[in-house]
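Okay, structure first, notes after.
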């Protein structure tokens with residue numbers, strides 16, 4: 001997750017630049033923010049603002065003030081955000097209805113490349129991380145007499161496949177920003193000093209603290225992959241999200257049908273999987 005903001009708007013109104021999650025609660029930004037409609041990301045932003053982890057499992061025990069404090073800060077954030085919508089939050093930002101957009105870098109970076117007055121930052125207290133993963137199927141119980149058939153275990157060429165995909169030339173689509181995101185090689189220590197110049201040479205410049213799609217090292221250590229949450233925590237999320245529907249809490253821009261769908265999902269046991 002990253003935060004994009006309109007530099008000219010901030011300069012015109014003499015506003016301090018955005019550096020961390022806490023800036024989203026500044027009074028002068030009320031109604032000037034759009035954000036993805038993901039409950040995990042919205043509540044996660046509140047948790048990071050409060051100094052807690054995205055993967056907090058016991059909110060009452062692990063967060064100062066417990067659920068009530070989280071709910072109060074969620075209410076305040078709702079009054080700041082004009083639109084919670086994973087589909088249209090960037091449209092509102094692009095046409096100038098809002099000055100700040102909070103969303104996934106894979107959404108935001110391709111859009112801001114076409115805009116000259118936008119800065120994109122990773123909050124200094126850390127953010128959520130996402131990765132595409134490959135899985136090696138478990139051993140098959142099916143016997144096969146066909147040529148090329150495999151009885152058990154991973155393919156003998158799997159390591160060659162990894163080496164092929166991690167070659168320097170395979171990073172070109174990321175370098176040219178044909179594919180949003182970061183290549184795994186961007187995390188290698190040997191590239192830290194040169195990767196920013198290498199991956200931005202010849203491309204439209206974006207004012208960002210990202211280095212080849214990756215947060216800078218001092219921030220990366222505070223970032224987290226989202227982990228599956230236990231049922232009790234999902235009930236806390238259901239309670240927090242449901243509170244958005246109460247009158248007077250400032251969340252009228254969050255669609256009721258979206259919240260209802262989310263609550264139904266929360267009532268299901270989360271699958272055990274990597275993110």
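Observations
- Hey, residue 23 modelled with pLDDT of 95 or more, surrounded by fewer than 16 Cβ atoms within 10 Å (Cβ to Cβ) and closer than 24 Å to residue 130 by Cα or not: no
- Taking the criterion of being more than 19 Å from residue 20 (Cβ to Cβ) and touching a strand residue (DSSP E or B) at 6+ places or on another chain (Cβ under 7 Å), the residues of segment 56-84 that qualify are 82, 83, 84.
- Lone qualifier among 58, 117 - being surrounded by fewer than 14 Cβ atoms within 10 Å (Cβ to Cβ), in contact with a helix residue (DSSP H, G or I) (Cβ under 6 Å, 6 or more places away or on another chain) and either farther than 25 Å from residue 227 by Cα or modelled with pLDDT of 95 or more (or both): 117
- Residue tally, condition under 21 Å from residue 13 (Cα atoms) and touching a helix residue (DSSP H, G or I) at 6+ places or on another chain (Cβ under 8 Å), over segment 97-114: 5
The values are calculated or read from the model by the stated rules, or taken from the named source; none is laboratory data. Bear in mind the structure is a predicted one, so any value in this text is a computation, not a measurement. So basically every Cβ, Gly included, is an ideal-geometry build from the backbone, and we count neighbours across all protein chains shown.
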